[in-house]
1. Of all residues being hydrophobic (A, V, I, L, M, F, W, C) and part of a helix (DSSP H, G or I) in segment 83-104, which is farthest from residue 60 (Cα to Cα)? Just the residue, please.
2. Could you please find all residues in segment 50-87 being among the charged types (D, E, K, R) and surrounded by 17 or more Cβ atoms within 10 Å (Cβ to Cβ)?
Amino acid sequence: MSERRRGGRSAGGALSRRSSVPTDESPRRQGAERGQPRRVLPTLKLGTYSGSSCLKTFLAKFQKCSDYYNWDDRERLCLHASLEGPAGQVLWDAGQQSSVDEVIRLLKNRFGSVRLVVSELCY
């Protein structure tokens, strides 16, 4: 057995692995910590968006999922993972440090109803 030293390092100098349990202070999860039965939420699936279906519907689903699960700004970044195909290319325009609101703005510019009305006039 290796001897443990302060700071989580073993005698060989390698960092020890610690399991970290994320703490979540949302009201839905606090009840279980106070001895109340934990409410199990049904799973909602956001799905993906490629740009070929209605953006307004996809964003409504995204907002409902966000509200239902009480997502913070970091958790709302799952929007990035939900985009594929032409809609996923918006991420290149948005840049690596873009916020969810910035991505939504770009999606609306590219796939929003204003674009659809103009394209229908052209046909």
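1. Initial filter on segment 83-104 (hydrophobic (A, V, I, L, M, F, W, C)): 83, 87, 90-92, 94, 100, 103-104.
Okay, now just the ones that are also part of a helix (DSSP H, G or I), so 87, 90-92, 94, 100, 103-104.
On the way: 87: 16, 90: 19, 91: 20, 92: 23, 94: 21, 100: 14, 103: 15, 104: 12 Å.
Among residues in segment 83-104 that are hydrophobic (A, V, I, L, M, F, W, C) and part of a helix (DSSP H, G or I), the one farthest from residue 60 (Cα to Cα) is 92.
2. Taking segment 50-87 as the starting set, the residues that turn out to be among the charged types (D, E, K, R) are 56, 61, 64, 67, 72-76, 84.
Within segment 50-87, just 76 meets the criteria.
Throughout, read-outs are computed from the coordinates displayed, never taken from laboratory work. Note that this is a predicted model, so its numbers are computed, not measured. Because the Cβ atoms are built from the backbone with ideal geometry, glycine has one as well, and the counts that use them run over all protein chains shown.
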